[in-house]
Every structure is written in C-alpha cells, then in structure tokens.
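Have a look at the structure below before the remarks.
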C-alpha cells in the first residue's frame, strides 16, 4: 500500500472520505484516555502545561484531542499537553476525535503535530525518526518526503544520536543548538567533544566560533591530511557538485595529480542509496 505524504499536513495521512466521516467530536472522561506509547516528545515543560491549563480554563479546549479505540477505552494519538492540562484542571470531560489508524500512523500523527509546532528538540526528533526506521522500516527518504524536509536534514538529525549522552542532554535543554551538535560530529574523540561542549556553553560560542575551535584543536597529523585552503577552485566546485548530487558530505583531498574522494554515509540504507546514485540508479 502506498504511503501518503505527511508534508501536506496531518489530513494527508488519511483519505478525504475517511476524514469527512470520522471527524465527529465526542466527549469522554480524561481517565478513559491512555497515553500514546509512540509519543516522540520525551520532556514536557510543566510551566507551559500550567499556562495551557489557564488558557483552557478561560476559553475551553478549542482543539479536540485525537485518539484511537483501545478496547473499551481510547489511546491518545495527538494532544498530550492538552490532556495533561485538562487533568491539571480536573475537568470531568474533554472533546475527542476518534481515528482508525495503525501504530505507524499513530507515531506519524504525533510526530507531525510536534514538528509542525516546532516543539520537539533535536534529540527527540532523532529518536522519533529512528523509531520509524527500526519498527516500521520507513526509509530516510520517505521520512523526508513525509515531513517536507531535506533528506540530509533527517540524516544529520539521526547522526546526533552518535554523540555522548551528556551532549545529547545539553541539546535537549537547548544549551547548544542542532548546528553545534552537527559541528561536534566532525571530531571522533568523545572526551574532546565533551570539553568543547562545555566550553561552548560557558563562553556562549557561536557555531562558527565552535567550528574554528574544532579546526584549531584537530590533531596535527589529521590537519596535514586535510586539503590546503588555497586548493584549485575547480576541486572545490567539484566537491560542492558531488555533495549536491549525492545529498551527503563529500571531501576531495588532492595532492599533485593524485588524491582521494571521501563520501560520508550514515547507515546501511544510506550507503545503498549512494551506491545506487553512483551506478546511475534512483536515489
């Protein structure tokens, strides 16, 4: 069965005829709704929940929760913060819309809702993407199409899971940004990654400042292997062209008439995708 695009919004997940039939609003008790086991959001700001509760107290629940049937009760698909706010207020009943979806669509709905609100931190996004890949065999290409994002963005987000746990926690807390995390992946020494993370936080380093610091602290042997800043313009242009063609990082190291081309891949699936492009196949 062909998957439907998510980039157009949640409604693109299900056929229009199903949407029109099942958008009826019902009212149930909050304790009839179980949490969504596929909720990608790992942390909830209690202050924001309290603010939402105050808004609901004044204006009511404007947007019904999205749920699916689970026995005699319901399982939440989207609306975790609204449910928590309603429980905080002790509401007797809340509005819901029931959808007939499977596990994969349930995760997709929750993921879309959070990303469209720009509410997931990079690590939560990475875990959600990885869950789609591991549990439902969804490709990075399909995720990028579904969310309307570049495939390289999906790949780079997934790479953040390679960072030490302490650095991932700093990303969750927004003490460093996605771009900082991506820069830290340029070095393999985990202890150096940790030291540079703390230096970034303590000194408030920008991404460019961190990148310059990484270049300065690379082992000398590695720096010697990197191409000189004044390399031929056509090599730099070719490198950029290959990166665009392969949708991944490419580095050309040329010395005299010889050299190497380094092509990065982030998973077995990514390697096969790149090999397919090189062979002349589709991405």
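Take the Cα radius of gyration of the stretch 163-222 and divide it by 2.2 N^0.38 Å, N being the number of residues; the result is 1.02.
Dividing the radius of gyration of the alpha carbons in the stretch 227-279 by their Kirkwood radius gives 1.02 for Rg/Rh.
Values quoted throughout were computed directly from the atomic coordinates according to the rules given, and no laboratory measurement underlies them. Quick caveat: nothing in here was measured; it's all calculated off a predicted structure.
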